[in-house]
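First up is the structure itself, then whatever we jot down about it.
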């Protein structure tokens with residue numbers, strides 16, 4: 001009975017540590033899906049041709065995020081997915097601006 005009294009806190013501590021470690025490490029599936037949506041929106045805005053560097057960088061970061069996610073390196077996966085979202089959104093904004101610049105030619109002042 002004395003051994004059980006000392007064993008209970010150790011088991012409780014072990015359980016709490018295991019729970020903490022597993023709850024912090026979760027897949028980046030949600031951010032990867034958002035990055036895919038951001039890349040799709042950028043492509044629809046014409047970013048592949050109007051902003052190929054930003055679009056290509058976002059695409060590479062998405063691929064890296066997927067790779068890290070499969071390797072259970074969730075922190076790296078989330079970081080790459082977030083960076084992909086930012087770059088895809090920037091590419092989309094640039095492409096949208098390029099479309100509006102083409103639509104409205106500059107007029108010379110008189």
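Listing for the model above:
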{"quantity": "Volume of the Cα convex hull of the stretch 27-103, divided per residue and given in Å³", "calculated": "55 Å³"}
{"quantity": "Fewest-first sequence of 44, 36 by Cβ atoms within 10 Å of each Cβ", "calculated": "44, 36"}
{"quantity": "Residue 48 versus residue 82: modelled label distance in nm, points set 7 Å from Cα along the beta carbon direction", "calculated": "2.9 nm"}
{"quantity": "Likely footprinting exposure, 50, 64, 30, fewest C-beta neighbours within 10 Å first", "calculated": "30, 64, 50"}
{"quantity": "Protection-proxy order for peptides 69-76, 85-92, each taking the mean of Cβ atoms within 10 Å per residue, highest first", "calculated": "85-92, 69-76"}
{"quantity": "Förster radius 41 Å - calculated FRET efficiency between residue 93 and residue 71, Cβ distance, rounded to 0.05", "calculated": "0.80"}
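The numbers here are math on the coordinates, done by the rules we state, and not lab data. Since the structure is predicted, the reported quantities are computational estimates derived from the model, not experimental observations. Neighbour counts are summed over all protein chains in view; Cβ atoms, including those assigned to glycine, are modelled from backbone coordinates with ideal geometry.
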